[in-house]
Amino acid sequence: MPLPQKKRWVSMAKGLVLGALFTSFLVLLYSYAVPPLHAGLASTTPEGTAPCSPEPAEPETQTPANSSAGACQPRRDIVFMKTHKTASSTLLNILFRFGQKHGLKFAFPNGRNDFDYPAFFARNLVQDYRPGACFNIICNHMRFHYDEVRGLVPPNATFITVLRDPARLFESSFHYFGSVVPFTWKLSGRDKLAEFLQDPDRYYDPNGYNAHYLRNLLFFDLGYDSSLDPGDPQVQEHILEVERRFHLVLLQEYFDESLVLLKDLLCWQLEDVLYFKLNARRASAVPRLSGELYRRATAWNVLDARLYRHFNASFWRKVEAFGRERMAREVAALRRANERMRRICIDGGRAVDAAAIQDSAMQPWQPLGAKSILGYNLKKSIGQRHAQLCRRMLTPEIQYLMDLGVNLWVTKLWKLIRDFLRW
């Protein structure tokens, strides 16, 4: 029999306190285990070391495949600023596969699956980091710090990120992270999201634990102050800074078109950008935001809304430059190839609830207190030609990181605690 509402929240509150104390202990251990940063966050490279340099054969300019300059070489130096709840786990899988296929060097976190988020990224958080180290790909969750990242990759590295309609992102973030944001515990109705949006200032505490997840999360992830007044000139300055620093900003709502642009920019093959949707949430019994609630969610995340509008416009300018007819052809080819892989790889042909996943290696990480993230069952009889690709395309982030040799002792220990407490 399920616990009464009050007892359930009391139990979760006690668990979160225990978790917070345990995490603090781990952070203390971690601080002793990791050497201090050799230079301050404002520096571009560690003191006394040369900046990361590209291999001599690597071109200095970003020349897409459709350029008049002629044939291009595949780009292998990539920074993916992984934002939350934007289909970024799907793109992460694409980068893992490409890097693994070509034997590239990843900058991975040490001990966990993110770079000490929500703290700012610092290069000493990279597993096995040494001053002067140079990497091909950085792609795990972080709070972006450009100078720290810039010093770890060659000067001609390609910077990409992905955005999502802020109201939809807020809705997804609220359902995924809401239970670990204490100010949401005051919400008592069946539809907590709607209740919050009726009067968000009544509940929101900007200094509260994990509050960043529930307002202007894109702005926060990109390293900016998510509580800026919308009229502050810094808002537009930050948006233009993102435009200068990133070669391509993908849109979750137009994911296939985004991948076509990415494939062109990086001079990759179609196989390199094949994908299955990973880390997707089961459809909620509560209706999606619409009408007035959608407008309220957009207004509540106004900084993200301005950011999204800016890059939505620039995205379609890139599509126009690429060519609408050409885009339609390449999107159709990508979808046909994805559909073919779905028939080859996925048992039953679709994502299933966590309880129906047969292989623990295919079990995705779940939000606290729920099992709402879908996963897949790999077909048992797959030809040798596709067996490896199928498994890699379907492997969730945590398991893929372990396959790539990442030390995830903090994440593993946290999972043991969650399993013991049945969270």
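The values are calculated or read from the model by the stated rules, or taken from the named source; none is laboratory data. Please read these numbers as outputs of a predicted model, since none were measured by experiment. Cβ coordinates were reconstructed from backbone atoms using ideal geometry, including for glycine residues, and neighbour counts include every protein chain displayed. These area figures cover heavy atoms from the full protein model, side chains too; ligands, DNA and RNA do not enter into them. Shrake-Rupley method; radii C 1.70, N 1.55, O 1.52, S 1.80 Å.
Run the 1.4 Å probe and let me know the accessible area of SER360, rounded to the nearest 10 Å².
Probe radius 1.4 Å; accessible area of SER360 about 90 Å².
If you add up the charges near GLU397, with Lys and Arg at +1 and Asp and Glu at -1, over every other residue whose beta carbon is less than 11 angstrom from its beta carbon, what do you get? Could you put the intermediate results ahead of the total?
Details: positive: LYS82; negative: ASP114, ASP403.
Spelling it out: positives minus negatives among the neighbours equals -1.
Keeping every protein chain in place, order TYR400, TYR376, TYR294 by accessible area at 1.4 Å, biggest value first, i.e. largest first.
TYR294, TYR376, TYR400
Among LYS82/LYS105; LYS263/LYS379; LYS192/LYS277; LYS263/LYS412; LYS105/LYS379; LYS192/LYS371, which pairs are too far apart, with a Cα-Cα distance over 23 Å? All intermediate terms of the calculation are to be shown ahead of the outcome.
Numbers: LYS82/LYS105 18 Å; LYS263/LYS379 28 Å; LYS192/LYS277 27 Å; LYS263/LYS412 34 Å; LYS105/LYS379 31 Å; LYS192/LYS371 18 Å.
Pairs exceeding 23 Å: LYS263/LYS379; LYS192/LYS277; LYS263/LYS412; LYS105/LYS379.
Accessible area, 1.4 Å probe, largest first: how do SER179, SER290, SER188 sort?
SER188, SER290, SER179
When the expected Rg is taken as 2.2 N^0.38 Å, what fraction or multiple of it is the alpha-carbon Rg of region 190-304? Write down the numbers at each step before the final one.
Values: Rg = 17.5 Å, N = 115, 2.2 N^0.38 = 13.4 Å.
Working it through for region 190-304, the quotient is 1.31.
With the full set of protein chains in place, find how many percent of the accessible area of region 67-160 is carbon and sulfur; take the probe as 1.4 Å.
Percent of accessible area from carbon and sulfur atoms in region 67-160: 46.
What does the accessible area per residue of region 73-421 come to in Å², with a 1.4 Å probe and no ligands, DNA or RNA counted?
Numbers: 14760 Å² over 349 residues.
Counting only protein heavy atoms, the per-residue value for region 73-421 is 42 Å².
Rounded to the nearest 5, what % of the DSSP beta bridges within region 73-421 are antiparallel ones?
Just about 20 percent of them are antiparallel.
Got a sec to turn the phi values of region 90-101 into Karplus ³J(HN,Hα) couplings, 6.51 cos²θ - 1.76 cosθ + 1.60 with θ = phi - 60°, whole Hz, x for Gly and Pro?
5, 5, 4, 4, 4, 5, 4, 5, 5, x, 5, 4
Using the Cα atoms of region 73-421, I'd like the radius of gyration and the largest Cα-Cα distance, Dmax, both in angstrom.
Expressed in Å, the Cα Rg and Dmax of region 73-421 come to 20.0, 59.
Work out from phi, with θ = phi - 60° and the Karplus expression 6.51 cos²θ - 1.76 cosθ + 1.60, the ³J(HN,Hα) of each residue of region 355-363, listed in order in whole Hz, and give x for Gly and Pro.
Once rounded to whole Hz, the list reads 5, 8, 7, 7, 9, 4, 5, 9, 7.
How big is the gap, in Å, between the Cα center of region 181-244 and the Cα center of region 301-361?
26
Sorted by accessible area (1.4 Å probe), largest first, how do LEU265, LEU307, LEU413 line up? Mind showing how you got there, number by number?
Working: LEU265 25, LEU307 0, LEU413 60 Å².
The ranking, largest first, comes out as LEU413, LEU265, LEU307.
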